[in-house]
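Every read-out reported here was derived from the displayed coordinates using simple, explicitly stated rules and does not represent laboratory data. No experiment lies behind these values; they were computed from the predicted model shown. Reconstructed Cβ throughout: ideal geometry from the backbone, glycine too, with neighbour counts over all protein chains shown.
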Amino acid sequence: MEDNQEKVDLKKAHAQSDEQKTKPKRHISIKAIGIVVLAIAVIGLIIFGVIKLFQWRNDGAKFAGTLSEQIGVSAETAQKYAHITLENASQYACVNQVAGDYKYLYESKRSVTVSGVKIPQWVIYVGEKNGIVTDINYYDYAQLQKFGSGVKVSAHVDPAGVIAGMDPATVQTYTGFKPLRVSYTVGGMEEAYKYYYKDANTGNTVSYILRVNYENGLAVSATEEENQFILSVLTIS
């Protein structure tokens, strides 16, 4: 009986010893998992930060709004304020033709293809006179990559729905899309929405340009004009 008891005690001792040996291994395993999880989390945050940085650097509307706060100062001061570097010419020949008399511009580093031609996703044209910024024009050219007549909608957007006193965010909620062009001058702003839809009665594509004028950040008027894009297709000037 004593021999059996001793054997039992020895087995228990061995079992306890084995358990003690395995505990540190389990502790190391849990620690290793924690390190891996932490590393994955850090990498994820870095990737998220890089994506956000690229998005921030490609937010043309934000840069245009910031530059508009510097109308009336020198172009050099304005670009420092917006943390960008204005250029004297575009990398795209067609943009330079559109720029006309604008001395400075700032464009997206990303491109889109419109009617088979590559252009920047957006461009900011900076007007100046005697070295002083006079106006800012922002174009969201990415809207034109699907169709040259702007954003596709289901029906006509009635300018009467733009009520005096609306802010730009409320107007954009009403239209359901962003403006193709935003023009800033001293104390004023104009948004131009370019869109098209298929007329239910004729089956033809109809295109309009909706213009909304603002003073002190609030809408004061809205007008529209039909975009007769078919005329440029039918004629050669």
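Values for this structure:
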{"read-out": "Simple label model, 7 Å out from Cα along Cβ direction - Lys118 to Phe229, nm", "value": "2.3 nm"}
{"read-out": "Compactness of the range 88-185, expressed as Rg and Dmax over alpha-carbon positions, Å", "value": "15.4, 46"}
{"read-out": "Charge context of Thr173, other residues only, Cβ under 15 angstrom, K/R +1, D/E -1", "value": "-2"}
{"read-out": "Where the Cα pairs of the range 61-134 fall when distances are cut into 10 Å bins, in %", "value": "20, 51, 24, 5"}
{"read-out": "Restraint check, Lys118/Lys178; Lys129/Lys194; Lys118/Lys194, Cα-Cα greater than 26 Å", "value": "Lys129/Lys194"}
